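The values are calculated or read from the model by the stated rules, or taken from the named source; none is laboratory data. Quick caveat: nothing in here was measured; it's all calculated off a predicted structure. So basically every Cβ, Gly included, is an ideal-geometry build from the backbone, and we count neighbours across all protein chains shown. Surface accessibility is based on the protein's heavy atoms, side chains included, excluding ligands, DNA and RNA. Shrake-Rupley method; radii C 1.70, N 1.55, O 1.52, S 1.80 Å.
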Amino acid sequence: MSWFLRNWDQVAAGLVEHAVIAGTALAIAFGISLAVGIAAARSRRIYAAAMAIGGFLYTIPTLALLALLIPLVGLGRTNAVICMVAFSLMILVRNIATGIREVPAEVTDAARGMGMSAAQVLWRIELPLALPVIVAGLRIAAVTVISVTVVAAYVNAGGLGTLIFNGIASDHPPKIIAGAVAACLLAIAVDATLAAVERRLQARGATA
């Protein structure tokens, strides 16, 4: 505790870096997944292809993927962000496509009968009703990215992993514990926030 009180600024800086890396990766992954997920909801072939590619990327060990990216993008945050995006795609695409597919056909048929275009049905009916499932996927992806970002310190991406690995290298337990606890608290906070959003969306859907 005394080390943390003397060096809280290092932990805070690592926490901010960690959040930036994870947030950037999630934003990019969600943008890609939304486009692919919408297409996958309409086509079984696209869904199967997206799941195959996403599943393949998801099974690659983190350190192996980070190492494979070094000749292409070098060390640093870009390497880490690409790696985190790759790990998030399968989860997000699957939940977006599933959420849209689970919208009752009679609801979309009624919307079309009222004169809505395909785009209007998607943005006003399907995506709002699919939000609980989409947020559930975002919740899993967020916790996964926050956890895996710790390892990205190996490629000089920064974040709380740097604090942890520096502590390991110097055999300094307080530094290790501070970094590990901060990473855990960040993951727990994000998970709890998205879980609350998910419950609220489910409750709103039940009363609609």
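In a simple Cβ point-charge model (Lys, Arg +1; Asp, Glu -1; nothing else charged), the chain has a dipole of about 360 debye relative to its Cα centre. Using a Förster radius of 41 Å, what is the FRET efficiency between Tyr58 and Ala110 based on their Cβ-Cβ separation? Nearest 0.05, please. Calculated value: 0.65. Surface composition of the range 1-53: carbon plus sulfur atoms hold 70% of the accessible area, using a 1.4 angstrom probe and ignoring ligands, DNA and RNA. For the range 141-208, the solvent-accessible area of protein heavy atoms averages 51 Å² per residue (probe radius 1.4 Å; ligands and nucleic acids excluded). For the chain, what D do you get in µm² per second when you plug the Kirkwood radius from alpha-carbon pairs into Stokes-Einstein at 37 °C and 0.692 mPa s? Once the numbers are plugged in, D ends up at 177 µm²/s. If each Cα of the range 46-147 is one equal point scatterer, what is log10 of I(q)/I(0) from the Debye formula at q = 0.22 Å⁻¹? Log10 of I(q)/I(0), two decimals: -1.08. Between Met51, Met90, Met114, the residue with the greatest mean-square fluctuation in the GNM of the chain (Cα pairs under 10 Å linked by springs) is Met114.
Can you grab the distance from the C-alpha centre of the range 17-69 to the C-alpha centre of the range 141-208, Å, no decimals? With the range 17-69 and the range 141-208 each reduced to a Cα centre, they are spaced 19 Å. Sequentially through the range 111-119, phi angles give Karplus couplings (6.51, -1.76, 1.60; θ = phi - 60°) of 5, 5, x, 7, x, 6, 7, 4, 5 Hz, Gly and Pro residues having no value and appearing as x.
Backbone phi angles across the range 18-32, fed through the Karplus curve with coefficients 6.51, -1.76 and 1.60 (θ = phi - 60°), yield HN-Hα couplings of 4, 5, 5, 4, 5, x, 4, 4, 5, 5, 5, 4, 5, x, 5 Hz in residue order; Gly and Pro are listed as x. Per-residue ellipticity at 222 nm from helix content only, as computed over the chain with -39500 (n - 2.57) for each DSSP H run of at least four residues, stands at -28000 deg cm²/dmol.
The Rg/Rh ratio of the range 149-208, with Rg taken over Cα atoms and Rh as the Kirkwood radius over Cα pairs, comes to 1.29. Of the residues Val148, Ala130, Val85, the one whose Cα sits farthest toward the positive end of the charge dipole of the range 64-173, with +1 on the Cβ of Lys and Arg and -1 on the Cβ of Asp and Glu, is Val85. Specify the residue with the greatest mean-square fluctuation among Ser147, Ser117, Ser33, computed from a Gaussian network of the chain linking alpha-carbon atoms under 10 Å apart. Its mean-square fluctuation being the largest, the pick is Ser117.
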